[in-house]
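**Student:** Quick one: this structure, given as structure tokens, is what I'll be asking you about.
Rule-based calculations on the coordinates, nothing more; no lab input. None of these values were measured; they are calculated from a predicted model. Counting neighbours? That spans all protein chains shown, and the Cβs are built from the backbone with ideal geometry, glycine included.
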Amino acid sequence: MPFDDDSERHTVYILNIPMHDHRQDLKTSAERLADIFIVLQRSFVLNLSKELVRGRLSFPQFLLLSFLAQEPEPLTMTEVAKRMKHTTAAATGLVDRLEKLSLITRKQGPNDRRKVMVVITAKGHAMVQEIRQDMIQNLLRLMEHLDETERATWLRIYEKIFPHCNQ
């Protein structure tokens, strides 16, 4: 229910941070979203998967596996570094650890043997699918608190901002 200028205002607190009404300026809204994102990201990462929680896989390793699982062709080490927004040396460290877990392999480039291609294994694909299913279960638990219209709105908003995430 919108506030009238003469009506009494009530402030609701979540995490000891006052919620702002919809009439606040863009900066205030961004500040509120930043507060919420910090808690949401922590919650999502902590609840992402038992594999991450157990320490078998780090979040950056999972991200790299996800990128590889979505690609129809193997990626070069340079492409891996670009996707991860890491240096080639840091990307090499990630690839080394994933290779030790048998989640990826390296092979020589078909046209240039000096190029190293990174390929996700069947075990790596299975790990991505397992973690993705854990993510879906976590989202379903959150979505239980929303009605059908709110779920559709949440999805629509995320789909609208998604193309701008990698800019």
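**Student:** Taking the Kirkwood radius as the inverse of the mean 1/r across Cα pairs, report the Rg/Rh of the range 24-167.
**Tutor:** Details: Rg = 18.0 Å, Rh = 17.4 Å.
Computed over Cα atoms, the ratio is 1.04.
**Student:** Across the range 71-84, in residue order, what do the Karplus-derived ³J(HN,Hα) couplings come to in whole Hz, using 6.51 cos²θ - 1.76 cosθ + 1.60 with θ = phi - 60° and x for Gly and Pro?
**Tutor:** Result, ordered by residue: 8, x, 10, x, 9, 6, 4, 5, 5, 4, 4, 4, 4, 7 Hz.
**Student:** Evaluate the distance, in nm, between pseudo-label points positioned 7 Å from the Cα of A122 and of T76 along their respective Cα→Cβ axes.
**Tutor:** Each label point is offset 7 Å from its Cα along the Cβ direction, giving 3.0 nm.
**Student:** A follow-up question, please. To the nearest 20 Debye, how big is the dipole of the range 82-167 about its Cα centre, given +1 on the beta carbon of each Lys and Arg and -1 on that of each Asp and Glu? Intermediate results must be reported in sequence, preceding the final value.
**Tutor:** Numbers: 16 positive and 10 negative charges, 165 e Å.
That gives a dipole near 800 debye.
**Student:** Sequence-distant or interchain residues sharing an amide H contact under 5 Å with I104, placed H: which?
**Tutor:** The list, which skips near neighbours in sequence, is E99, T121.
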